[in-house]
1. Among the numbered conditions (1) in a strand (DSSP E or B); (2) in contact with a helix residue (DSSP H, G or I) (Cβ under 7 Å, 6 or more places away or on another chain), tell me where residue 103 comes up short.
2. For residue 118, work out the one condition from (1) loosely packed, with under 13 Cβ neighbours inside 10 Å; (2) within 22 Å of residue 10 (Cβ to Cβ); (3) more than 13 Å from the chain's Cα centre (by Cα) it doesn't fulfil.
3. Taking the conditions exactly as written (at pLDDT below 95, out of contact with any helix residue (DSSP H, G or I) (no Cβ under 7 Å at 6 or more places or on another chain), outside the structural domain of residue 29 (by TED's automatic domain parsing) and closer than 22 Å to residue 25 by Cβ), does residue 73 satisfy them or not?
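The values are calculated or read from the model by the stated rules, or taken from the named source; none is laboratory data. Note that this is a predicted model, so its numbers are computed, not measured. Glycine also receives a Cβ, built like all others from the backbone with ideal geometry; neighbour counts cover every protein chain displayed.
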């Protein structure tokens with residue numbers, strides 16, 4: 001019988017791991033791995049300067065954030081720097097898509113592509129605060 005590696009998590013490089021983890025925690029309702037929570041006010045953020053992990057309380061994939069030096073941001077849908085990867089997420093209705101659009105923008109995402117009026121597959125593509133792309137589909 002053949003065995004395969006299992007995907008444990010998706011890791012995002014970030015010039016500010018705590019800021020990016022907070023963006024995704026709030027955007028998708030994720031929770032910190034025990035010990036990775038933000039420190040008390042005024043305390044140093046030791047973990048936030050290196051590596052943080054968020055998990056989905058409902059059992060979905062984990063996201064991890066690795067502190068790194070500045071890197072080129074994708075300019076997708078331009079052709080200069082390709083997207084390299086993106087996260088696909090889903091909501092149940094166009095109304096939910098619109099609601100999540102407002103949330104994404106309020107949390108610091110940037111709209112990169114809007115196909116919300118497509119009858120077959122409404123979607124929007126956003127860049128997170130570090131420029132990584134994620135899609136929100138109706139499905």
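1. Every listed condition holds for residue 103 apart from (1).
2. It fails just one condition, (2).
3. Taking the combined requirement at face value, the residue satisfies it.
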